[in-house]
Every structure is written in structure tokens, then in C-alpha cells.
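Values in this text are rule-based calculations from the coordinates and carry no lab data. A quick note: this is a predicted structure, and the numbers were derived from the prediction, not measured. A quick note on method: Cβ atoms are made from the backbone with ideal geometry, for glycine too, and the neighbour counts reach across all protein chains shown.
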Amino acid sequence: MDTRDTPEQAELRRAAHQLAGQLGPSTVADLDDQTRAKRLAVAVHDAGWLELRDDRGDGEPLAGGVEAAILAEGLAETVADVAFGGPVLAADLARRCGAANLGTPVVAYTPDLLGVAVLETPVTTTALHAVDLPADGGPVYGLVRVGGGYRLAQVRVDGAAIGADHGADLTRSTCLIPPGATVVEVPGQRRILTDDELASWTALGLALTSADLVGLMRGVLELAVAYAVERRQFGVPVGSFQAVQHLLADAHCLMEGSISVALHASWAVDDLPPADARTAGRVAKAYCARAARDVCETAVQVHGGIGNTWECLVHVFLRRALLSSQWFGDDGEQLRQLERERLGTVDGLP
Amino acid sequence: MDFRDSPAEAEFRSRLRAWLAEHNLGLPASSTNDEYWVRQAEWHTALYDAGFFGLSWPARFGGHDLPTVFDVILDDELAAAGAPPRPSLGYLVQGITAHGSDAIKDRFLPGLISGRQRWCQGFSEPDAGSDLASLRTTATRDGDDYVINGHKVWTSYSDVADWCFLLARTDPDVPKHKGLSAFALPMDQSGIEQRPLRMINGITTEFGQVHFDGARVAAENMIGEPGEGWRIAMTIVSHEREPGELGYVARYAKTVNEMERAVRASPSAFRSDQREQVTWAYVQAEMLRLHVRRRLSERLDGVEHGPGGSVDKLLMTWVEQTVGTAALGVSGSRAVLDSDDLGLNVYLYSRAQSVMGGTSQIQKNIVATRILGLPTA
């Protein structure tokens, strides 16, 4: 038992931190700088980070859940406005189906964002949502049910590319796919996706969104502490007041606890049986989602009036945390699922 | 990164599990009643004699020289077996190891670790709680001895202790942090009067208060140098704040397991909010279990005596109080109709966690100034 980074993992952490620090937005105005955003996307692409979970030739991914989570955390730390989790999760789903990957894919989720949409051919009958689309959007994947499991399907809207729009999160796009989109099975799949494999994929989704929340907590707390040192009232830094110090100390502890659960969830993806890995993901997500909301709200509060303005970067963290929480289910959803697993279901209770 | 057991760890785990199946004393969780405290010595020596205590401490003093993560396995298995947690004295071992001379270590660590000699910790006083450095108990040199006068409180196990790890003022003429020294004081002597403190859940055998009226301790029993007391105290309290050192993870897991069993046994007897409280307590206890794994793994690089213990203490406190509140919630009306109700007593005891070992407010001051680097007022 040794939960420390291997030297390679430590190096990857440094690389993500460095790249996100150089090319991520450092002000809200930077979000409109398309040249910078494009350079960031190219850098992430060229580093091969979107292919981490692609098939390395024997059905196994090129890199582990831990490595993917390290990058998710590093990119979130500076609210890097680049697609990462979306394409990585889509590629991982394709790999589990034994399908060759075309372009940079994303997944179509059910409107509650709890998981991949399971569809009927030939057209969709309900609204779906793609999350974290790359600028040059590739295929959108859903699943169709077959005997013994699922097969990968592509969702197409009138043959046109599916365009991105922004929801609450200003750094990652979501996209509504209205009913009536075409559903076509992806050709050449070597395996049927089992429920176990789907649980394992869900574990990756929970681990990556938890890691994203950890990165957000790190980044926003750093901003809040810096502001508390610099901002003066009554002739002293506001960070010298215990009332402010204790808010930030609480936030720091929540972040530390989150790091521990998120780390375990990312390791569990490839190293625990699928159902256990998903449970580890649910524990992490339940803890991180609550913690991240608290920590971001603290950061808004510590920034005072300016923290409630559009130009203060803090709300970009809070908004991104809202999407990461909902994506694969927020704390309430995870608690509901864990409760079923551990306490059983009761008639008459939701 | 690997959360799994190595072959050596797996072997240890299965050996421990087999032993626990035979030798679990079936004691209550420590927080709930006096029976645990009365039989704690028996549990300590049983664990020690079977080779399952003092795992990461030096073999020279009776430990096993194992990596710290073996304590994680011990806590896992104690919780799974519903056994009491391991005795919490790692912080005294850390304090003596870091500051004691070879003679002090050779003399005291073996008995402390084996449980053959019992220790209490004489730090807090009625007028020196959070402001520990203002303590007024004096140690005055008299020939080869020091003479002790003063009043200590919150002295865990003072009723049964052979030795007291005593913090006393040896120099009243220097700033308060510089005039303190630490001693290993024998408790079996005239000049010491010990009285139990009754806690809010009624237990009387955990904490005591001790009056020293001309008690004596040999000068050679000083731990560290004259005036080093504050530094020693800070080493000890930094570890006293670490769940990895305390083994409380097993206690929380035991309580959560018991609550879950109760809910599963009669599902229709619990409302959805009670079920959610139990589940959130499970999430919190899991967080601490995993957090301790991370912290003890970090120790593979070497032990630090730093402010990180305050972070862990706050996390541990939130967990204990979440578990305690859930236990109260699950008990419902039984908690108010029966003063022996387990949920009531777990809850009441949990309130002390944000005070003992340094209040949560003191921990937050430490985190804010020493980890986050915020300015002091």
C-alpha cells in the first residue's frame, strides 16, 4: 500500500500544472481570447492527453484512471477552457466496445446527466445532452441495447456537426441534441459492452468529475487566500481576521479530504472490480461535490462585493463546479445510490 | 500509486484477521461506556503480545519496524471485526522518540509500547487550556529531584497510570513558552491526589484531574533539555491530532457498521432522512479511512511533526461529529427515553472531539497562519 505518485505520475502532474498555468485563462476577459484557447486545445491534443484511454492494442487503455484524473485535476486548477473529460470518456466507452475511434468523440447523456443515453434506432425520441465538446466536435456516442449488453451507436443531427453552446460552465460546452436525431450502430465493434464494463466506465466518469472538483478547489482557494492577504480593511489585511481565516481553513480541510477520496476513486477505476470501483467513485463524488460547492462559496464570500461581479474569476470556478457536480450525479444522487447499495431499498420510500 | 496490500501486507492482514476471530474481547466502542476504559490495558497487552501493536515503532523498544501503512491494516481489521480501536498512545511514543535521550528511550518506551506500564498526559490545567503555555504547575529543583506543585485536568487514564508525561514550569523568569520542561513522573507516590472527571455521557474512567502537592520526580527523568517543554508539547499535540496515530478510524467504522446493521434489520422503522444521515456518516468515515492511507503513505518519506496534523484533526472531528449526530438521529426517541442508549452516548461523547487535543478554533488558527500563510492580527 503506497498512495504516493510514481515518478511518472508526479511528472504528469507537473506537466498539467505547467500547461494549464501558461495557457489557461487568468482573467474572465481571457475567456474571449480565441487565440489562447486554440493554443491550449492544440497543446492538450498534441500532448496525447485525449487519447489516454484509447486502446493500446490489447483492449486495455494506454494509461490508467489515475493518470486521467491527474490531468483532469491539473486542467481544472486554472479553469482551463479545453475539452478533456468529455473526449476521454467517449474514447474509453469506444474502447470498451472494441470500436475504432474516429476523431475526437463525446458522449450523449440523459437530461439528468447521470450517464450515457441508451437509445432506440433509428431516431432519438427524447432530448439528449453532449457534455464537454471539443471545438472541432467529432462523433457523438450513445448506446443501443442488444442481447447480453450494449453496442456503441453514433447520434447524428441531419448529418451536420453538432454545435456547442454554453450552459452554466463558461469553460466547457454542453449541447442539446433534440429528439429526432439519427441513431446508427458504429460498425466493426469487437465486443458487446456488459453491465460490468458500463459500471467501470461510470467509475471513470465519477473519478474524473471528482478530480475536476479537486482541481477547482485548489485553484479557487489559492485565489481566495491571495485576495485575503492583499485586500485591506480597517488598516489590515482581511485575512488577519479569524472570522475570515476560519472560513479559509475549513475550505482547505475540505479540499484535503477531497484529494484523498478522489485519489482512491481514480485508482479504483482499473484496480477494483467494477461495482466496487463505482462505489468508490460515488463516495468520492458525494464528498467532493459537497466540498467543492462549500469551497467555491467561501471563495466568493472572501472576495466580498467584487466576488459577486462578472469580472472576478471566482464565479468561473463556481460555475464549472456546478457542471462537474451534476455530470454523473451530484452529492444527493450519489447518497441515494449508496443508500440503496448499503441499506437496501424500502417500499414506499423514494 | 496503489491502495492494495503488498504480499507482506496481505500476509499480515490474514494473520491478524485469524487472530481477531479468536481473541476479540467484544468490548464496546471506547466512547460509549466505562467497560472499555476499565479493560483497555487487557486489550493493549493482548494485542501487543500477539505481535499486533507498535507496528511502526522501533524493534529495539518492542515495536516491529514496519512501515506506517501497517497501522492502516490494523485499523481496517479491528473495524471489520467490531473490535475496539488500538490504544491511542502513538503521540507519546513520538514525543519521547523525538526528544528523549537514549537513556530515557531505553527506560520508558518498552513499557509504554507493551502496555506493561501505563501513562497519562499531564498538560492541560484549569486555567491553561487553549493557552497551554500559560500553565502554572511548577517543577522546582531540590537536590537530585524536582518538586512538583500544581493542578492538571483532562488527564486521560490518571486513575490507572504508572507514569505521567508532565509539563511543568521550571523557570518562571523567562517568557512563558521558554520556561517549561517535560518529565516522566511516577504516579505511585504521596503528594499526588487523583479524582475522576465525569463526562457528559456519564463515563468516569477516561479523564481525571490530578493535584500535585510536593510530588517528586528525579532530575534524570526530565525528557529533553530544561526549557524544551514547549517544543516537546508541540510535537506531541501535532501527533495527538492525527487520526493515523490515534486509530479512531476503526471506532467510526464500527459505529457506522452498527447503524447500518440496525437499519437493514428493520427497514420500515427508519425515515428517509435517517437513512441519508447514516449514508453520509458512511461517506465521511470512508473519507477519513482513505485520508489516513494517504497520510501514512506520505510518511514513507519520513515522519514530520508539523501543522498538517491540524488539518487531519479537523477532518477527524467532522467525521466523529457526523457519525455521532447520525447515531442520535437513528436512535430517535429511544435516545431520550433511555439514558444508556448507545446513540445518545456516542452523540454526547462526540461533542468533545472539537475540544480535546486542541479546540477546532485553535486548529483553524494553525491551518490559516501556518499552512495558508495568512497574516496574524
Using a simple spin-label model with points 7 Å from Cα along the Cα→Cβ vector, what separation in nm is obtained for A:GLN242 and B:ALA21?
5.3 nm
Fewest Cβ neighbours within 10 Å first, please rank B:ARG118, B:ARG4 accordingly.
B:ARG4, B:ARG118
Counting other chain Cβ atoms within 10 Å of each Cβ in A:274-286 and taking the mean gives 2
Rounded tilt (10° steps) of A:274-302 against the dominant C-alpha axis of chain A:
30 degrees
Bins of 5 Å from zero: percent of alpha-carbon pairs in region A:195-343:
2, 11, 19, 19, 16, 11, 9, 6, 4, 2, 1, 0, 0
With θ set to phi - 60°, apply the Karplus curve 6.51 cos²θ - 1.76 cosθ + 1.60 along region B:85-90 and write out the HN-Hα couplings as whole Hz, x wherever there is a Gly or Pro.
x, 5, x, 8, 9, x
Viscosity 0.692 mPa s, temperature 37 °C, Stokes-Einstein D of region B:7-96 from Kirkwood C-alpha radius, µm²/s
242 µm²/s
Extend 7 Å from the Cα of A:VAL146 along its Cα-to-C-beta direction; within region A:95-125, residues with backbone N under 15 Å of that point are A:95-100, A:119-121
For chain B, what is the convex hull (Cα atoms) projected area averaged across all directions, in square nanometres?
19.9 nm²
So how many Å³ per residue does the convex hull of the Cα atoms of region B:165-312 work out to?
178 Å³
At 0.36 nm per residue, and after removing the present C-alpha to C-alpha distance, how many nm does the segment from B:ALA41 to B:ASP131 gain when stretched out fully?
29.2 nm
With N set to the number of residues, divide the alpha-carbon radius of gyration of region B:119-225 by 2.2 N^0.38 Å and report two decimals.
1.02
Based solely on C-alpha atoms, express the radius of gyration and the Dmax of region A:230-300 in angstrom.
16.9, 57
Residues of A:228-238, mean number of Cβ from any other protein chain within 10 Å of their own Cβ, rounded to a whole number?
1
Can you pull the mean other chain C-beta count within 10 Å for peptide B:292-298?
4
If the viscosity is 0.692 mPa s and the temperature 37 °C, what translational diffusion coefficient in µm²/s does Stokes-Einstein give for the protein assembly as shown when Rh comes from Kirkwood over Cα pairs?
119 µm²/s
Could you list which residues have their amide H under 5 Å from that of B:GLY122, counting only those 5 or more apart in sequence or on another chain, with H placed in the peptide plane?
B:PHE165, B:LEU166, B:LEU167
In region B:310-326, which residues have a backbone nitrogen under 18 Å from the label point lying 7 Å from B:ALA269's Cα in the Cα-to-Cβ direction?
B:326
Arrange the following residues from fewest to most other Cβ atoms within 10 Å of their Cβ: A:GLU339, A:GLU120, B:GLU286.
A:GLU120, A:GLU339, B:GLU286
Quick one: among A:ARG319, A:ARG218, A:ARG39, which has the greatest mean-square fluctuation in a GNM of chain A with alpha-carbon springs under 10 angstrom?
A:ARG39
For chain A, what is the largest minus smallest coordinate of the Cα atoms on each principal axis, given in angstrom and ordered from greatest to least?
70, 50, 45
Footprinting proxy, B:CYS164, A:CYS312, A:CYS97: sorted fewest to most Cβ within 10 Å, the residues are A:CYS312, A:CYS97, B:CYS164
Pull up the cross-link candidates among the lysines for B:LYS254, meaning alpha carbon to alpha carbon under 22 Å and not fewer than 8 places away within one chain.
B:LYS313
What ranking do A:200-206, B:80-86, B:362-368 get when scored by the average of other Cβ atoms within 10 Å per residue, highest first?
A:200-206, B:362-368, B:80-86
From zero outward in steps of 10 Å, how is the percent of C-alpha pairs of region B:254-317 spread across the bins?
19, 38, 22, 15, 6, 0
Provide the packing ranking of B:253-263, B:275-285, A:77-87, i.e. peptides ordered by the mean count of other C-beta atoms within 10 Å per residue, highest first.
A:77-87, B:275-285, B:253-263
